[in-house]
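Written out below as structure tokens is the structure these notes cover.
Just so it is clear, none of the values below were taken in a lab; they were calculated from the coordinates. For clarity, every value in this text was computed on a predicted model and none was experimentally measured. Cβ: placed from backbone, ideal geometry, glycine included. Neighbour counts: every protein chain shown.
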Amino acid sequence: MSHIRKTTIRIDFDIGVRLGPGKAQLLELIEEHGSIRAAGASIGMSYRRAWLLSDEINRMFREPSIFTRHGGKSGGGAGLTEFGRELLSRYRRMEAAMLKAADEDLAWLSSNIDAAFTPFSKKDDS
């Protein structure tokens, strides 16, 4: 029985920004929904937070990852640029490679979890 709920990869760049599972998910959802607002709403994120994260992703790299179309007759929208699709693809590939490389160690960790252990809650820590 596996006790590991989830593993993720997060890249901390030396300029002080990060690329991790949240930004990768937002990129996927923007591509899926065609909208920053709809992407954020689908995971309970405010439009402002989704927009700020999208803007940060666009400014992190030399090329933008997300394009936007202003409203009009056909309405506005957003999607991934070619660079954005490549960024997401490479992130997912790194994630899969990390999981494959760590599989044996993750299985060992999981097999040694004490199922009776109960962590302290934050209020017990006062």
C-alpha center-to-center spacing [the range 13-54, the range 86-123] in angstrom: 22
Among (i) 0.95; (ii) 1.09; (iii) 1.04, the entry derived from the coordinates for Rg/Rh (Cα atoms, Kirkwood Rh): (ii)
Kyte-Doolittle mean at least -0.5, axial Cα span of 15 Å or more - DSSP H helices of the chain: 21-33, 82-111
Loop trypsin sites (Lys or Arg not before Pro), the range 1-56, which have at most 12 other Cβ atoms in a 10 Å radius of their Cβ (DSSP): Arg5, Lys6, Arg10
Inter-site label distance for Asp12 and Glu86 at 7 Å from Cα along Cβ, in nm: 2.8
Estimated FRET transfer efficiency when R0 is 25 angstrom, pair Trp51-Arg93 (beta carbons, to 0.05): 0.35
